[in-house]
Amino acid sequence: MIVSEDLAKRLLAPYGLPVPPGQAADTPEAAAAIAQKLGGSAFVVKALIPAGGRGKAGGVKVCASIEAVTEAAQVLLGHDLLGYRVARVLVEKAMPIAREIYAGVVANSATDRFDLVVSFAGGMEIEHAAQSNSQAVWQLPVEPGDVLPVHRVRQWLRQARVEDVNLGSLASVLVALYRAAADLDAVLLEINPLAVLTDGTLALLDCKLEIDDNGLARQPELADVYRQSLSSRELRARDLGVSYVPLEGDIGVITSGAGLGMCTLDLLKQQGLAPANFLDTGGGISATLVQGALELIMEPPQVRGAIINLYGGINRMLEASKGIVAALQTIPGKRPLVVKILGNQQEEAWAMLEKVPNVHVIRVVQTEDAVAKIAELVG
């Protein structure tokens with residue numbers, strides 16, 4: 001889950017982190033009112049979209065007046081940016097920046113640790129700086145659950161030999177970021193830039209927060225936000241307990257296992273077909289699950305047909321076939337369905353499905369045969 005910048009900063013503020021004053025708006029008038037309330041003569045208006053590179057793409061605008069805030073919000077709201085429609089903007093006070101630092105906390109799946117990451121070459125060119133100079137990025141591995149005292153981080157930072165940054169203040173910010181990331185089940189907490197202001201203090205000017213979906217049960221506020229961000233089909237898939245990703249094609253897909261799913265999508269592409277979705281049933285296969293999954297993938301009007309590719313193992317494939325039959329009673333039209341299911345009670349399942357109109361059973365192991373069949377039927 002990618003958390004919007006305004007919510008991420010609101011979650012970080014209780015950790016004592018220096019978050020600039022600001023608020024989200026969904027109309028130019030609301031943006032102007034927020035700027036009026038903030039006071040001052042300089043503001044920043046940012047498009048709230050789940051993508052990096054907003055600054056280079058024109059999604060961050062510095063404004064010297066409230067009128068300019070209104071104009072910036074008018075330019076951004078309702079328009080597409082980096083593939084997303086801008087529905088809200090974040091209005092903040094502009095801060096006097098002396099230098100920019102990159103700071104981040106990353107969950108490292110290879111080491112099962114958090115990596116505390118710092119670069120004193122922060123800002124929009126951080127990627128270029130990291131690629132051209134490996135010494136530009138400093139990493140400190142931290143064991144999950146480690147208290148991580150400030151003095152240890154400060155001692156680590158001294159290796160960088162930076163003279164114009166208060167390392168004590170920076171260490172305190174980094175420790176607070178680490179604790180926030182651990183508490184929030186973050187896989188990534190990135191501050192770029194972490195600004196050193198002209199008075200020597202620090203401020204979190206931009207924030208990217210990604211939460212582990214598996215931790216949402218421990219994050220009730222974020223779980224509610226996450227559900228609100230999902231489409232009706234994605235919500236239904238989550239309630240079914242399946243992994244579902246909508247795509248732009250016209251061939252529905254149900255598989256058991258992510259690897260089998262990706263293989264099926266690749267084979268469809270090789271046949272010149274475009275998948276309408278990715279759907280992985282996970283480990284358990286029941287009649288109710290399969291019925292709900294098939295109804296879900298056949299709902300988009302552009303879907304011309306579908307393929308079901310299940311390796312059931314000990315799961316009873318007769319239950320899967322019952323779910324298919326039940327779903328077809330509610331699905332309008334006579335679109336072709338190719339079914340390749342292998343596992344416990346597969347023969348009984350085949351016998352049931354071969355009696356159903358527009359269902360084409362593939363009895364071999366190779367997925368290529370099933371893909372070739374759906375290509376023939378919709379071609």
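Could you figure out which of (1) open to solvent by 40 Å² or more (accessible area, probe 1.4 Å); (2) over 30 Å from residue 180 (Cα atoms) isn't true of residue 32? Tallying (1) open to solvent by 40 Å² or more (accessible area, probe 1.4 Å); (2) over 30 Å from residue 180 (Cα atoms), residue 32 fails exactly one: (1).
Which residue is nearest to residue 190 (Cα to Cα), if the candidates are limited to the stretch 203-226 and must be among the hydrophobic types (A, V, I, L, M, F, W, C), over 15 Å from the mean Cα position of the chain (by Cα) and open to solvent by 20 Å² or more (accessible area, probe 1.4 Å)? Only one residue tops the list, namely 205.
Of the listed requirements (1) out of contact with any Asp or Glu (no Cβ under 9 Å at 6 or more places or on another chain); (2) open to solvent by 10 Å² or more (accessible area, probe 1.4 Å), residue 268 misses just one: (2). With the structure loaded, tell me whether residue 178 is aromatic (Phe, Trp, Tyr), closer than 30 Å to residue 98 by Cβ and surrounded by 15 or more Cβ atoms within 10 Å (Cβ to Cβ) or whether it fails that test. For residue 178, the condition - aromatic (Phe, Trp, Tyr), closer than 30 Å to residue 98 by Cβ and surrounded by 15 or more Cβ atoms within 10 Å (Cβ to Cβ) - is met. In the stretch 72-98, the residues that are closer than 30 Å to residue 196 by Cβ form Cβ pairs under 8 Å with partners that are of a type in the set (Ser, Thr, Tyr), at six or more places apart or across chains, as follows: 73/27; 88/4; 96/198; 97/198; 98/198.
Of the residues in the stretch 348-374, how many are open to solvent by 20 Å² or more (accessible area, probe 1.4 Å) and among the small types (Gly, Ala, Ser)? Summing the residues that are open to solvent by 20 Å² or more (accessible area, probe 1.4 Å) and among the small types (Gly, Ala, Ser) in the stretch 348-374 gives 2. Of all residues in the stretch 17-43, how many are part of a helix (DSSP H, G or I) and not aliphatic (A, V, I, L, M)? Of the residues in the stretch 17-43, 4 are part of a helix (DSSP H, G or I) and not aliphatic (A, V, I, L, M).
Going by the structure shown, is residue 152 part of a helix (DSSP H, G or I), in contact with a helix residue (DSSP H, G or I) (Cβ under 7 Å, 6 or more places away or on another chain) and assigned by TED's automatic domain parsing to the domain that holds residue 10? So residue 152 does not fit the description; no.
The criterion of being over 15 Å from residue 119 (Cα atoms) and either modelled with pLDDT of 95 or more or open to solvent by 40 Å² or more (accessible area, probe 1.4 Å) (or both) does not hold for residue 171. The strands (runs of 3 or more DSSP E) found wholly in the stretch 174-252 and carrying at least 3 residues that are under 30 Å from residue 154 (Cβ atoms) and touching a residue at least 60 places away in the same chain (Cβ under 8 Å) occupy 186-197, 202-204, 207-211.
Regarding residue 71, is this residue in a strand (DSSP E or B), of a type in the set (Asp, Glu) and either surrounded by fewer than 20 Cβ atoms within 10 Å (Cβ to Cβ) or out of contact with any His (no Cβ under 8 Å at 6 or more places or on another chain) (or both)? Criteria not met by residue 71. Could you tell me whether the stretch 276-286 includes any residue that is under 19 Å from residue 334 (Cα atoms) and surrounded by 15 or more Cβ atoms within 10 Å (Cβ to Cβ)? Yes: one or more hits.
Do you know which residues across the stretch 1-31 are charged (D, E, K, R) and either modelled with pLDDT under 95 or under 28 Å from residue 218 (Cβ atoms) (or both)? Please lay out each step first, then the result.
Restricting attention to the stretch 1-31, the residues satisfying the condition of being charged (D, E, K, R) are 5-6, 9-10, 26, 29.
The answer is 5, 6, 9, 10.
The values are calculated or read from the model by the stated rules, or taken from the named source; none is laboratory data. It should be emphasised that the depicted structure is a prediction, and the values quoted were computed from it without experimental measurement. Backbone-built Cβ (ideal geometry, glycine too); neighbour counts: all protein chains shown. The accessibility values were calculated without ligands, DNA or RNA, using every heavy atom of the protein model including side chains. Shrake-Rupley method; radii C 1.70, N 1.55, O 1.52, S 1.80 Å.
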